[in-house]
1. Counting residues that are of a type in the set (Gly, Ala, Ser) and closer than 27 Å to VAL94 by Cβ, which helices (runs of 4 or more DSSP H) fully inside the range 210-310 reach at least 2?
2. Of the residues LEU161, LEU180, LEU167, LEU193, which is closer than 24 Å to ALA121 by Cβ, among the hydrophobic types (A, V, I, L, M, F, W, C) and over 14 Å from the mean Cα position of the chain (by Cα)?
3. Hey, does the range 280-288 have a residue that's of a type in the set (Lys, Arg), at pLDDT 95 or above and either touching a strand residue (DSSP E or B) at 6+ places or on another chain (Cβ under 8 Å) or over 21 Å from ALA47 (Cα atoms) (or both)?
4. Among the residues of the range 135-172, write down those that are β-branched (Val, Ile, Thr) and in contact (Cβ under 8 Å) with a residue 60 or more places away in the chain.
5. Considering each residue of the range 19-77, count those that are within 23 Å of ALA112 (Cβ to Cβ) and out of contact with any helix residue (DSSP H, G or I) (no Cβ under 9 Å at 6 or more places or on another chain), and give that number.
6. Would you mention how many residues in the range 240-268 are free of Cβ contacts under 8 Å to residues at least 40 places away in the same chain and surrounded by fewer than 16 Cβ atoms within 10 Å (Cβ to Cβ)?
7. Which numbered condition in (1) farther than 15 Å from GLY30 by Cα; (2) modelled with pLDDT of 95 or more is the only one that ARG60 fails?
8. Answer yes or no as to whether ALA26 is aliphatic (A, V, I, L, M) and modelled with pLDDT of 95 or more.
Amino acid sequence: MFVVCGEALMDVYAGAPTSGGLRLDARLGGSPYNVAVGLARLGRPVAFLGGISTDAFGERLMRALVEEGVDTALVRRSAAPTTLSVVSLDAQGVPQYAFHGEGAADRDLPVADLPALPAGATALHFGSYAMAVEPVGTALRTLAARERGRRLVAYDPNVRLNVHPGLARWQAVVEEMAGLAHLVKVSAEDLALLCPGEAPEAVVQRWLARGVRLAVVTQGGAGCRAWTRAVQVAVPAPAVTVVDTVGAGDAFQAALLAWLDEQGLLAPEALEALEAARLKAALRLATQAAGLACARRGADLPRRDELPGAA
């Protein structure tokens, strides 16, 4: 079973003006939340670990997890409000976010309230701004450190400076997690922000030296690159008509993790031993999943029968 750790929120799209204000379209979201749903849609057993409000938005988030088949036993419910991420899109469909989340439920998880993980949990995925805000950030990083020797740890920084504006804080968190994670997936955009002036290859080699077994850099329409200590591969992105890119990185990560699970490769030593051909196969599936997400509005991640190799 996967345990996906981090935030759950509502992406609120600003629409057309109305006579009394502005039409809004609220969609389920949060990068880790999306990954959890994505894994469930790909047929993998998965639980979500994070704080979710008891307000109307939180109830909708919880209902969707149940409907998608995500285990909610590790969710911490809170009377604090749900984070709202107001989304506007540029001409290319690239989202810009304005977060309203100070004191929200997805931050309300102290170390003392970390739940015990189920015995069947084989891999943990951590991500996004929950790692950089408190008290949840300390709690999740503590969990990653505690479990690193027992379970596979995956990480996607998904930097959001409009949630926590301190770049130094993000850099410290990412470097800490690079010493704890076995698999790191990062966008080229985030990597340039985190490590200005450094070539991606140099950053990746530093992470591999610290214990990362597989590092993946996604490059949007240019595809992706991946490294282990032994191999380096590149895979192009499929051609797609982009509606928006919300959830594309989450779809990529869910598909990558699902493929590794399907192949029996959810172990640090198995990642390190990946041959180039198998790694390319994993990345092709992940880029196909990201492409499908880009062709839909919001974080609407694909199901297994929409991707190559479905049973």
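The values are calculated or read from the model by the stated rules, or taken from the named source; none is laboratory data. What you see is a predicted model; the values in this text were computed from it and never measured. Every residue, glycine as well, gets a Cβ built from its backbone with ideal geometry; the counts of neighbours run over all protein chains shown.
1. Hits in the range 210-310: 248-262, 276-294.
2. LEU180
3. Just the residues of the range 280-288 that are of a type in the set (Lys, Arg), to begin with: 280, 284.
In the following step, the residues that additionally are at pLDDT 95 or above were identified as 280, 284.
Then keep just the ones that are either touching a strand residue (DSSP E or B) at 6+ places or on another chain (Cβ under 8 Å) or over 21 Å from ALA47 (Cα atoms) (or both); that gives 280, 284.
Checked the range 280-288: at least one residue is of a type in the set (Lys, Arg), at pLDDT 95 or above and either touching a strand residue (DSSP E or B) at 6+ places or on another chain (Cβ under 8 Å) or over 21 Å from ALA47 (Cα atoms) (or both).
4. Within the range 135-172, VAL136, VAL163 meet the criteria.
5. Of the residues in the range 19-77, 3 are within 23 Å of ALA112 (Cβ to Cβ) and out of contact with any helix residue (DSSP H, G or I) (no Cβ under 9 Å at 6 or more places or on another chain).
6. Of the residues in that region, 2 qualify.
7. Of everything listed in (1) farther than 15 Å from GLY30 by Cα; (2) modelled with pLDDT of 95 or more, ARG60 misses just condition (1).
8. In short, no.
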